[in-house]
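Let me begin by presenting the structure, written as structure tokens, before commenting on it.
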Amino acid sequence: MDFTVSDKMQTIIEMMDEFVEKELIPMEPMFFTQSFREMLPELNEKRQMVRQMELWAPQHPPEYGGMGLDLVEFGLVSESLGRCPLGHYVFGCHAPDAGNIEILHLYGTDEQKEKYLKPLVAGEIRSCFSMTEVDLPGSNPVMMDTTAVKDGDDYVINGQKWYTTAADRAKFAIVMAVTNPEAPPYLRASMVIVPTDTPGFNLVRNISVMGHEGDDWASHAEILYQSCRVPQKNLLGPEGHGFVIAQERLGPGRIHHCMRWIGICNRAFGLMCSRALTRTISPDKTLASKQIIQSWIAESAADIQAAKLMVLHAAWKMQNLGLKEAREEISLIKFFVAGVLQKVVDRALQVHGGLGMTDDTILSHFYRFERAARIYDGVDEVHKISVARRILREYEAKAVQ
Ligand SMILES: Cc1cc2nc3c(=O)[nH]c(=O)nc-3n(C[C@H](O)[C@H](O)[C@H](O)COP(=O)(O)OP(=O)(O)OC[C@H]3O[C@@H](n4cnc5c(N)ncnc54)[C@H](O)[C@@H]3O)c2cc1C
């Protein structure tokens, strides 16, 4: 396999690294003292700088104003931007808009592309994705109570969702709802575009997560859909294909998240090494002289390297052989990299001692908000079960022969 990074990509990554270092990391303390909304004027200025550098929307289609990078290239970009929690937002490639852009591009009608996709890629509006329900298992989303029932030319949506990330001040939601209750489980639900100013779209609250309600893009909402009426032309893709489209959304999304987590690991690793070298723990010794710390450093370096190679391989396989062929690799990276992320951030925090618990470094932010990596886009256990089942089936087949 050729691991060479092209000159073009090398230049792009160097430009992004420098921008993250000089423009975004200095903004991080604002995260702890201001609401996201208060940060928006400055964030918009940074976004403007990114547009001028022609680095806006790296993986989105060029015909809509993106750079059109492929999945492996975007993986490398995601690693660079992931070092700062503001990176993806400022470069216009943040979740959940990134996933919504992909499915609007693949399945949207011309009208939907004009109305929703164009301004979304341009960063003029935001969106959210509303699938998980309060009272039913998100890990088995075919169990779904939300319905979209046809009435005249409309769908009328009723249901209660939560963890709809970034719903606060989003322009529209892509809602998963049951449209075909009599169909087989995986063909019951559809995706419907719901503008958030539609009567019956009720944002109940931004859920407090790890002590933070958050706001705007940095939030997770509970939403009550009450007789929420939208035209049938707001259906995204074929009726009953909600889960098929969701899989297409989640495949590349998992690669994006995993590479972003590698970026976080790199940042935490850098902080861990710097602290170990400068923290004196006895008159003539620093933490870096201790074997246990050296062991954490070596183990973290190996974990990060292994994780990165696995993700790039999964991205390469998906890009060249398709989502179906890469399914196992995607499940493997989803739980493996989430575990590496947790381990590396935890070790870095431990090396910082009491300082690690404070908000004087970014580590506490990573510790609080990235724990969710093992939960969203498929909980660890479900990915492990699906990988193990496939492996066991192969062994079973061999045993029968
Ligand atoms: C930060 C964050 C952002 C999110 N953003 C969104 C979003 O934008 N839109 C959206 O729709 N949803 C979103 N979610 C919801 C997320 O997709 C669900 O939380 C996830 O699918 C798990 O569902 P659940 O919370 O209902 O847990 P459950 O399904 O109740 O599972 C609970 C636990 O049970 C265990 N478990 C589950 N299934 C199995 C199994 N088969 N075998 C063994 N153990 C099992 C796992 O340990 C799991 O953590 C987000 C969640 C978080 C935390």
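The values are calculated or read from the model by the stated rules, or taken from the named source; none is laboratory data. What you are looking at is a predicted structure, and each value in this text was computed from that prediction instead of being measured. Glycine also receives a Cβ, built like all others from the backbone with ideal geometry; neighbour counts cover every protein chain displayed.
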Within region 111-148, of all residues that are in a helix (DSSP H, G or I) and of a type in the set (A, V, I, L, M), the one nearest to the ligand (Cβ to nearest atom) is 120
Return the total of residues in region 314-334 being without any contact (Cβ under 8 Å) to a residue 40 or more places away in the chain and over 14 Å from residue 250 (Cα atoms). 4
Looking at (1) more than 16 Å from the ligand (Cβ to nearest atom); (2) under 26 Å from residue 76 (Cβ atoms), which one does residue 285 not meet, given that it meets all the others? (2)
Would you say residue 390 is within 11 Å of the ligand (Cβ to nearest atom), surrounded by fewer than 18 Cβ atoms within 10 Å (Cβ to Cβ) and at negative phi? no
Candidates 139, 127, filtered to the one that is touching a Leu at 6+ places or on another chain (Cβ under 9 Å) and polar (S, T, N, Q): 127
Does any residue of region 322-331 turn out to be crowded, with 19+ Cβ neighbours inside 10 Å and more than 16 Å from the ligand (Cβ to nearest atom)? yes
Out of region 87-130, which residues are among the β-branched types (Val, Ile, Thr) and out of contact with any Asp or Glu (no Cβ under 7 Å at 6 or more places or on another chain)? 90, 101, 109, 121, 125
Can you tell me which residues in region 149-184 are surrounded by fewer than 18 Cβ atoms within 10 Å (Cβ to Cβ), away from the ligand (no atom under 16 Å from the Cβ) and within 30 Å of residue 372 (Cβ to Cβ)? 158
Hits in region 210-225 - residues which are assigned to a loop (DSSP other than H, G, I, E, B) and out of contact with any Ser or Thr (no Cβ under 9 Å at 6 or more places or on another chain): 210, 211
When you scan region 197-221, how many residues do you find that are under 25 Å from residue 86 (Cβ atoms) and touching a residue at least 40 places away in the same chain (Cβ under 8 Å)? 13
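So, in region 199-209, how many residues would count as being part of a loop (DSSP other than H, G, I, E, B) and either modelled with pLDDT under 95 or away from the ligand (no atom under 13 Å from the Cβ) (or both)? Even if it seems obvious, please write down each step before you answer.
Kept after step one, since they are part of a loop (DSSP other than H, G, I, E, B), are these residues of region 199-209: 199-200, 207-208.
Next cut, either modelled with pLDDT under 95 or away from the ligand (no atom under 13 Å from the Cβ) (or both) only: 199-200.
The number of residues fulfilling the criteria is 2.
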Test for residue 196: is it within 15 Å of the ligand (Cβ to nearest atom) and at pLDDT 95 or above: yes
List the number of the failed condition for residue 398; all other conditions in (1) part of a helix (DSSP H, G or I); (2) away from the ligand (no atom under 16 Å from the Cβ); (3) in contact with a helix residue (DSSP H, G or I) (Cβ under 9 Å, 6 or more places away or on another chain) hold. (3)
Go through region 352-386 residue by residue and tally those that are within 16 Å of the ligand (Cβ to nearest atom), surrounded by fewer than 19 Cβ atoms within 10 Å (Cβ to Cβ) and farther than 22 Å from residue 219 by Cβ. 6
If you go through 127, 139, the only one that is farther than 22 Å from residue 216 by Cα, hydroxyl-bearing (Ser, Thr, Tyr) and within 17 Å of the chain's Cα centre (by Cα) is 139
Being more than 16 Å from the ligand (Cβ to nearest atom), modelled with pLDDT of 95 or more and either polar (S, T, N, Q) or within 20 Å of residue 267 (Cα to Cα) (or both): is that true of residue 349 here? yes
Take the residues in region 1-55 that are of a type in the set (Phe, Trp, Tyr) and within 20 Å of residue 85 (Cβ to Cβ), then tell me which one is surrounded by the most Cβ atoms within 10 Å (Cβ to Cβ). 19
Condition first: touching a residue at least 40 places away in the same chain (Cβ under 8 Å) and within 12 Å of the ligand (Cβ to nearest atom). Can you find one or more residues in region 226-241 that meet it? no
Out of region 53-104, which residues are assigned to a loop (DSSP other than H, G, I, E, B), within 30 Å of residue 235 (Cα to Cα) and out of contact with any Phe, Trp or Tyr (no Cβ under 8 Å at 6 or more places or on another chain)? 60, 61, 68, 69, 70, 95
Please give the number of the condition residue 174 fails out of (1) more than 18 Å from residue 231 (Cβ to Cβ); (2) under 19 Å from the mean Cα position of the chain (by Cα); (3) among the β-branched types (Val, Ile, Thr). (1)
